[in-house]
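The values are calculated or read from the model by the stated rules, or taken from the named source; none is laboratory data. Because the structure is predicted, anything quoted here is derived from the model rather than measured. Reconstructed Cβ throughout: ideal geometry from the backbone, glycine too, with neighbour counts over all protein chains shown.
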């Protein structure tokens with residue numbers, strides 16, 4: 001199953017980009033799953049719901065399902081590879097974060113200081129620059145610090161081109177002429 005990671009430092013625009021990509025991919029009738037990494041902890045269940053009460057009473061895992069939705073909450077960390085395997089029936093999985101994982105990545109750069117991330121991660125497929133970091137790019141769009149790297153560079157607003165790149169790189173059965 002195709003997997004692409006969207007990585008960047010906090011407030012680099014990862015969630016916003018993913019939401020825009022989802023609109024395009026959904027319009028192509030692709031069923032896309034998203035996995036988000038949160039190192040700060042989170043609370044997905046609301047107080048006073050039945051599942052919240054179950055967890056508070058000591059359940060280490062809860063699930064709720066309806067004909068339209070299923071949610072599973074476990075009081076443990078789950079490996080990214082296990083989560084991706086759970087989503088194997090979907091057309092594609094987009095992973096937000098998990099910088100050190102080995103899947104193909106699109107790196108978001110919001111300012112010149114973020115360029116250090118390019119040396120911290122592997123599997124970079126493309127770079128996406130926010131407007132604040134445009135000075136990092138050459139006029140030909142190859143990226144001043146990336147000249148000769150062969151990596152495609154996009155503006156954060158080039159969402160359709162980014163979606164096209166993702167599809168062509170992760171879904172080889174789809175040809176450019178089909179996009």
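Would you kindly identify the helices (runs of 4 or more DSSP H) lying entirely within the stretch 1-97 that contain at least 3 residues that are at pLDDT below 90 and surrounded by 11 or more Cβ atoms within 10 Å (Cβ to Cβ)? Quick ask: steps written out before the conclusion?
Working: elements: 14-27, 50-56, 80-86.
It comes to 50-56.
If we scan the stretch 99-110, do we find a residue that is closer than 30 Å to residue 152 by Cβ, in a strand (DSSP E or B) and over 12 Å from the mean Cα position of the chain (by Cα)? I'd like the intermediate steps shown before the answer.
Narrowing the stretch 99-110 to residues closer than 30 Å to residue 152 by Cβ: 99-110.
Going one step further and asking which of them are in a strand (DSSP E or B), we end up with 105-109.
Of the ones still in play, those that are also over 12 Å from the mean Cα position of the chain (by Cα) are 109.
Checking the stretch 99-110: at least one residue is closer than 30 Å to residue 152 by Cβ, in a strand (DSSP E or B) and over 12 Å from the mean Cα position of the chain (by Cα).
Would a scan of the stretch 127-146 turn up a residue that is at pLDDT 85 or above, farther than 17 Å from residue 13 by Cβ and buried (at least 19 other Cβ atoms within 10 Å of the Cβ)?
No: the stretch 127-146 contains no residue that is at pLDDT 85 or above, farther than 17 Å from residue 13 by Cβ and buried (at least 19 other Cβ atoms within 10 Å of the Cβ).
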